[in-house]
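Everything on this sheet refers to the single structure shown next.
Please treat every number below as a calculation from the coordinates, not as lab data. Fair warning: this is a prediction, and the values are worked out from it, not measured in the lab. Positions of Cβ are generated from backbone atoms using ideal geometry, with glycine treated the same way; all protein chains shown enter the neighbour counts.
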Amino acid sequence: MTPLSVVIITYNEEKNIARCMQSVMPIADEVVVLDSFSTDRTAVIVQELGGIFHQHSFKGYGAQKNAAAALASHDTILFLDADEALSEQLCNSIRQEKLRGFPQDGYLMNRLNSYLGQWIRHGSWYPDRKLRLANKKKSAWSLDIVHESLVPDKDARIGLLSGDLLHYTYTSYDDHVDKNNKYSRLSAQLLFEKGKKATWFKLVFNPFWAFFTSYFLRAGFLDGFNGFVIAVHIGHLTFLKYSKLYRLNHPQP
């Protein structure tokens, strides 16, 4: 049996961290939490649940996760955000791979998002596949300022686990709007740094296509009213991203 480290980065996650940690207890040989100097009870909860608690100033999501991986005692790491938890089926799938010695270098898993208390099983939000379980010698987190990802080596062998990674997202429409504003700014900055341009065509067509894809092509309508709301927000986020990129391309005097 190959030992498994679970790594979580936190900042003021007292509402989420216990659920996250409790979901991995059946499979984790250690839970390492790297915190960005929380001011709430995050540290107390982690230590009460037997987690290994460290603190480090925040240098970006990817950099923070790489730093947390370096603190793990074992090579095989499950990376989680504090607002995530393992479903019972996913936990069992990981247990089976652990018993087999984790024959793959990394594992993808489907992420199931909860929106205002409803599980969203269609549209652009599902299966929302993520690489989260990997050998740290065969992967590293990208340093993008937004939407960082775990990048495997070119020769890494990647498998797919059954079960869902449960993601507890927005609890209000206001929260969703605020996050759209934040992520659109960071996404526009990332595109600008990569030399991308925002054209009028992208400003008009891309938001419409993002909505159409989520709501119709990927059957977001099957999630009812919230499926429609999410598709609208996806279009809105796309519009904000390209409008902010346009301003970066054409700064006002």
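Couple of notes before you dig in:
- Residue (of Leu186, Tyr173, Val229) at the positive-pole extreme of the stretch 173-249, dipole from beta-carbon charges: Leu186
- Nearest-ten-degree value, helix 224-249 long axis tilted from longest Cα axis of the chain: 70 degrees
- Cα gyration tensor category, rounded, prolate or oblate, for the stretch 86-159 with a/c compared to 1.5: oblate
- Dipole moment magnitude, nearest 20 debye, the stretch 152-211 about Cα centre, only Lys, Arg, Asp, Glu C-beta charged: 400 debye
- When DSSP beta bridges are restricted to pairs lying wholly in the chain, around 40% turn out antiparallel.
- Axis of helix 61-71 versus longest Cα principal axis of the chain: the two differ by about 10°, to the nearest ten degrees.
- With a Cα cut-off of under 24 Å and a minimum spacing of 8 residues unless on different chains, the lysine pairs in the stretch 145-214 number 10.
- When shorter helices are ignored and each DSSP H run of at least 4 residues is given -39500 (n - 2.57), the per-residue value for the chain at 222 nm works out to -12500 deg cm²/dmol.
- Spin-label proximity, Ser114 to the stretch 169-206 - amide N less than 18 Å from point 7 Å beyond Cα toward beta carbon: 169-176
- Selection from Tyr61, His147, Ser36 lying farthest towards where the dipole of the chain points positive, charges on Cβ: His147
- Computed from Cα positions, the angle between helix 173-193 and the longest principal axis of the chain comes to roughly 80 degrees.
- Magnitude of the charge dipole for the stretch 173-249, about its Cα centre and with charges confined to Cβ atoms of Lys, Arg (+1) and Asp, Glu (-1), is about 480 debye.
- Assigned charges on the beta-carbon of Lys, Arg, Asp, Glu; the chain dipole about Cα centre (debye): 1020 debye
- The alpha carbon gyration tensor of the stretch 173-249 gives principal lengths a ≥ b ≥ c with a/c of 1.5 or higher and a/b no greater than b/c, which makes the shape oblate.
- Contact order normalised by residue count of the stretch 173-249, Cα under 8 Å, 6+ apart, percent: 49 percent
- Cα-based shape type of the stretch 1-69, given that a ≥ b ≥ c are square roots of the gyration tensor eigenvalues and the cut on a/c is 1.5: oblate
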